[in-house]
Amino acid sequence: PGAPWGLPLDETTLPQILKEYNYSTHMVGKWHLGFYKWAYTPVYRGFDDFLGMYLGSQDYFNHDRNNGLDLRSHRFNEKGEFEEKFRWDLKGQYSPEYYSQRAVDIIRSHDKSRDKPFFLYLAYQNAHSPSQVAQHYIDKYSSHFRYQDEQIFAGMVSSMDEGIGNITAAIRDSGLEEDTIVIFTSDNGGSVQLKDTQTHNFTSSNYPFRGGKESVYEGGIRTPSLVWAPSRVIPGKETSSMIHVTDWLPT
């Protein structure tokens, strides 16, 4: 009802293709590709399980959007029955922290002895509005930045960085480093003029490019990305080839 749209059902997603090759598929974080019918939701679009939110701009702690909780788990159980659980138990917890922990748990529980690789799609909220972060991240930057909105923004980026560090450590500790490809990317440039719901000025710099999010200038559509795959990619190699954030399959 709040968003009567979605990724067209005739579009084939990456996890749908990977399942044809015996992958287990997992999603954590922000979906935002449709939910007004079950057919548009993650576990009907190729994922075995899902923990996250349907929409964007939720409160990072209360996980509310439009006066309702938007945080849930989906999966098909061993009998093939669909299960949904609203995650009231996570109210009050900072979302990037439990998103990261969920990703770590998936990696650690992966059984290497089975001939079944896994695909994990993790879509953090950071550093999207509203500008919110746990206090211990703000404290890290209290002596580095004069203004609190800058401290909060730095903390939001830092919390994501910490989560990614935990995830890559879990990959190494699980002995999966040589068999795993990690892709870090973004769907748009930083917002250069945004007033969030808590009235903080929440801005980014896309220098040397002009513009930002919601514009078609290069600052809005060009973002840095990286691929980490020790056994497949030469470290430090750079490319300026054109690629779209939604296009990771051969075309």
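The values are calculated or read from the model by the stated rules, or taken from the named source; none is laboratory data. Quick caveat: nothing in here was measured; it's all calculated off a predicted structure. So basically every Cβ, Gly included, is an ideal-geometry build from the backbone, and we count neighbours across all protein chains shown. Each accessible area value is taken on the protein alone, full model and side chains, heavy atoms only, with ligands, DNA and RNA left out. Shrake-Rupley method; radii C 1.70, N 1.55, O 1.52, S 1.80 Å.
The figures follow:
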| quantity | calculated |
| --- | --- |
| Solvent-accessible surface (1.4 angstrom probe) belonging to Val157, in square angstrom, nearest 10 | 60 Å² |
| Which of Ile138, Ile221 is most accessible, then next, and so on - probe 1.4 Å | Ile221, Ile138 |
| Carbon + sulfur, % of accessible area of the chain - ligands and nucleic acids excluded, 1.4 Å | 51 percent |
| Where only C-alpha atoms are counted, convex hull volume of the range 3-45 per residue in Å³ | 67 Å³ |
| Kirkwood Rh, angstrom, the range 99-194 [1 / mean 1/r, Cα pairs] | 15.3 Å |
| Dipole of the chain [Lys/Arg +1, Asp/Glu -1 at C-beta], most positive-end residue of Ser57, Leu249, Gly29 | Ser57 |
| Rounded to 5, percent antiparallel among DSSP beta bridges of the chain | 60 percent |
| Residues of the range 21-35 with amide N under 17 Å of the 7 Å Cα→Cβ point at Lys116 | 21-27 |
| Beta bridge orientation in the range 48-137: antiparallel %, DSSP, nearest 5 | 100 percent |
| Gyration tensor (alpha-carbon) shape descriptor, the chain, a/c threshold 1.5 | rounded |
| Set Lys19/Lys112; Lys30/Lys213; Lys19/Lys237; Lys19/Lys85 screened for pairs whose C-alpha atoms are more than 26 Å apart | Lys19/Lys237 |
| Signed unit charges on C-beta, dipole axis of the range 59-213, positive-most listed residue Gly211, Ser131, Ser113 | Gly211 |
| Evaluated over the range 1-134, the Cα radius of gyration and Dmax, each in Å | 15.0, 45 |
| By average C-beta atoms within 10 angstrom, highest first, the peptides 105-112, 78-85 | 105-112, 78-85 |
| Å² per residue, accessible surface of the range 13-137 at 1.4 Å | 48 Å² |
| Gain upon complete extension [Arg210, Ile17; 0.36 nm per residue less C-alpha separation] | 65.8 nm |
| Heavy atoms of Tyr23: accessible area, 1.4 Å probe, square angstrom to 10 | 60 Å² |
| Most to least accessible of Thr12, Thr246, Thr41 (protein chains only, probe 1.4 Å) | Thr246, Thr12, Thr41 |
| Residue-averaged [θ]222 nm for the chain, counting only DSSP H segments that reach four residues, each worth -39500 (n - 2.57) | -7000 deg cm²/dmol |
